[in-house]
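Everything on this sheet refers to the single structure shown next.
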Amino acid sequence: MISRKTTNFLLEFIMKIIVNIYLYFSVLFHVDFVPKKKLDASYTKFNSFDDPLPDIEYNNPDYQEIIAEAREKGESIKPVNRRKPLTVDVEGCSKCGAPKEYLYSFGHDSDGYQKFQCKVCNHQWAPENPNERPKNHPTYRCPFCGYALSKEKERKHFTKYKCRNDECDKWQNEHKRYRYRAYDFDVDDLEVSRPDKKPVNLDHSHYGNFIISKAMDFYVGLGLSLRQTKRALKLAYDVSPSAQTIQNWTVSLAYRLGPKINDLDLPLSGIVAVDETYVKIKGSWHYLFTAIDGKNGCVIAQHLSEHRDAKGAITILKRIIDQYQCQDFVLVSDMAPIYRAAVHAAKIFFKTDIDHRQVKGLFTDYDNSDEVYRPYKNIIERFFGTYKAHYKRHKSFSSFDGALSHITLYQLYFNYLKPHSSFDDKPPLIVEGSRGQPIESWAHLIKWISKTDQ
C-alpha cells in the first residue's frame, strides 16, 4: 500500500515537471506574462544584515587639528618639498582644507585629468574633472575594527561599502568582510503612490453621481474595460459617456478617495504578507507592491513603481510601520533580497527591528524553518489572482495615472465593498456614513466622500 507521503511526493514531482515545461515553452514562444528584466545582482550579497551599524563621522577633518595631533605624537607633517610648481591652480585640499603647500601631484585619473593627494589627510581627487563628484557622504568606520570602509559598488539608490582590513575581528573570526549599504534618498520623502490630479470636477458632472457610481461598478467591480463599461452603461441606462470621460471619472475619484485611505481604520493582526506583481503600462512592465493583513485578509498598503528595487520595498514597508505606529509585527515575504534590504533599511532609518520571515518557492520546503508562514504568503498570491482577473481585460493601461487610479479604487473596493465568501458575502471592513449606516455601494461611497470634503 502506497503511503500518503509517497503520494504527495509524486504529485509534487509531477507538478514541478509541468511548471518547468510551461515556463520553457512560454519563453520559447515569447508568452508575455513576466518581464524580461531581472533583479539587480548587487542585492544578492548581504553579509552584514545582522551586524551592528558602522560608526559614522559626519564632519570632514580640519588640517590644523590633524597637524596638531601629529605634533603631539612626535610626528610632524611638513609642507611638500616641491621641485616643480603644480600644473593646476588649486586653493587647497577639498576634504580637510590644507593649503596647496601640502599637496602632491599624484599622476592622472582614468579620464586623463591631473590628480592630487593631500599630505595631511591622504585624500585624492582630480579638481578639473567635470565628472568628479565632491564627497557628500560621511566616513563610515567598521564597528569591529574602526577601519574606514571603502566604496565597493555604486548602485542607483545606494552605495555599498566594505571593510578591507585584514586584521578586522570579523574577518579573522568569520572570514567574512563587513559590508554596509548607504542609501542616497531621504526616507522621509518616501510615500506610497497616490493620484496627484483630478481631470474633472465630479460635483459638476453632467451625468450625476448615480451614473458615475454605476460606471465604477462595471469598471472596477466587474473588471470591464473602458469600452465595455461604455457599452454596459448604454445597454443598462441608455447613456453614452465616452471612454475618456469614464477614465477622467476614475482618476478624479481616486484623487479624492486616495487620501481618505490613510484615515480609515484597519484591523491589524500583527502578521503582514508583502509581495509584488507585474502590471503593464504603455507596453512596459511596472511593479505593484502590496501588503495584506495575514489573518484579516484586507489590503494594508499598495505602491506602484517603475522598478522592482529596494526603494519600492522600503516605501511600502514605511507605510506598514506607520500603520502599526511602531508596534511589533511579523513580515512575511518571498526570498527576494529587496525585502531583506528593506528590513535592514528600517533598522537604520526607523530604529525598528522587524521579525522577517521568508517563504521560498511555490512548493513546501520542510527544511525551511519559516514554512509555517506559507499560508499567509498564499493569501497575497490569491489576492493577485483576484486582481489579475479584473486587470486582464485591460492588457495594458494607457497611462500611469490610469493604472494608479484603478489600483487605488480596487483597494477600496476589495476592503469595503466587495462581498467575500469567508465573511458571509460581506466586505471584510465596514465604513459607516454620517448617520451610522454601512456604506455598501459606490453610490453611497461617493455621497459620503462628497459630504466629508465639504
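The values are calculated or read from the model by the stated rules, or taken from the named source; none is laboratory data. Fair warning: this is a prediction, and the values are worked out from it, not measured in the lab. Reconstructed Cβ throughout: ideal geometry from the backbone, glycine too, with neighbour counts over all protein chains shown.
Pairing residues of the stretch 1-28 that are at pLDDT below 80 with residues that are surrounded by 10 or more Cβ atoms within 10 Å (Cβ to Cβ) and part of a helix (DSSP H, G or I), at Cβ distances under 7 Å and at least 6 apart in sequence or on separate chains, gives no pairs at all.
Among the residues making up the stretch 388-406, a single one is aliphatic (A, V, I, L, M) and touching a helix residue (DSSP H, G or I) at 6+ places or on another chain (Cβ under 8 Å): L404.
Of all residue pairs spaced 6 or more apart or on separate chains, those with beta-carbon atoms under 9 Å, a first member in the stretch 390-419 that is surrounded by fewer than 19 Cβ atoms within 10 Å (Cβ to Cβ) and a second member that is of a type in the set (K, R) are K395/K280; S396/K280; S396/K282; S398/K282; S399/K282; F400/K282; P419/K426. The number of residues in the stretch 240-264 that are without any contact (Cβ under 8 Å) to a residue 60 or more places away in the chain and within 23 Å of P428 (Cβ to Cβ) comes to 2. Identify all residues within the stretch 354-372 that are at pLDDT 75 or above, more than 21 Å from the chain's Cα centre (by Cα) and surrounded by 12 or more Cβ atoms within 10 Å (Cβ to Cβ); write none if there are none. Within the stretch 354-372, D370, E371 meet the criteria. Among the residues of the stretch 173-190 satisfying the criterion of being at pLDDT 85 or above and in a loop (DSSP other than H, G, I, E, B), which is surrounded by the most Cβ atoms within 10 Å (Cβ to Cβ)? Checked the stretch 173-190; the qualifying residue surrounded by the most Cβ atoms within 10 Å (Cβ to Cβ) is Y178.
Which strands (runs of 3 or more DSSP E) does the stretch 64-172 wholly contain that include 1 or more residues that are in contact with a strand residue (DSSP E or B) (Cβ under 9 Å, 6 or more places away or on another chain) and without any contact (Cβ under 8 Å) to a residue 12 or more places away in the chain? The strands (runs of 3 or more DSSP E) meeting that bar are 103-108, 114-118, 150-154.
Checking each residue in the stretch 195-219 for being surrounded by 19 or more Cβ atoms within 10 Å (Cβ to Cβ) and outside any helix (DSSP H, G or I) picks out only P195. The strands (runs of 3 or more DSSP E) located wholly in the stretch 278-353 that include 1 or more residues which are free of Cβ contacts under 8 Å to residues at least 40 places away in the same chain and surrounded by fewer than 20 Cβ atoms within 10 Å (Cβ to Cβ) occupy 284-293.
Which one is nearest to the chain's Cα centre (by Cα), of the residues in the stretch 65-78 that are farther than 14 Å from N122 by Cα and of a type outside the set (G, A, S)? Filtering first and then ranking leaves E65.
Do you know which residues across the stretch 95-135 are of a type in the set (D, E) and farther than 24 Å from E57 by Cβ? Hits for the stretch 95-135 are E101, D109, D111, E128. Looking across the stretch 266-284, the residues that are within 15 Å of the chain's Cα centre (by Cα) and of a type outside the set (V, I, T) come down to A273, D275, E276, Y278. The residue that is surrounded by the most Cβ atoms within 10 Å (Cβ to Cβ), counting only those in the stretch 229-239 that are assigned to a helix (DSSP H, G or I) and without any contact (Cβ under 8 Å) to a residue 12 or more places away in the chain, is R231.
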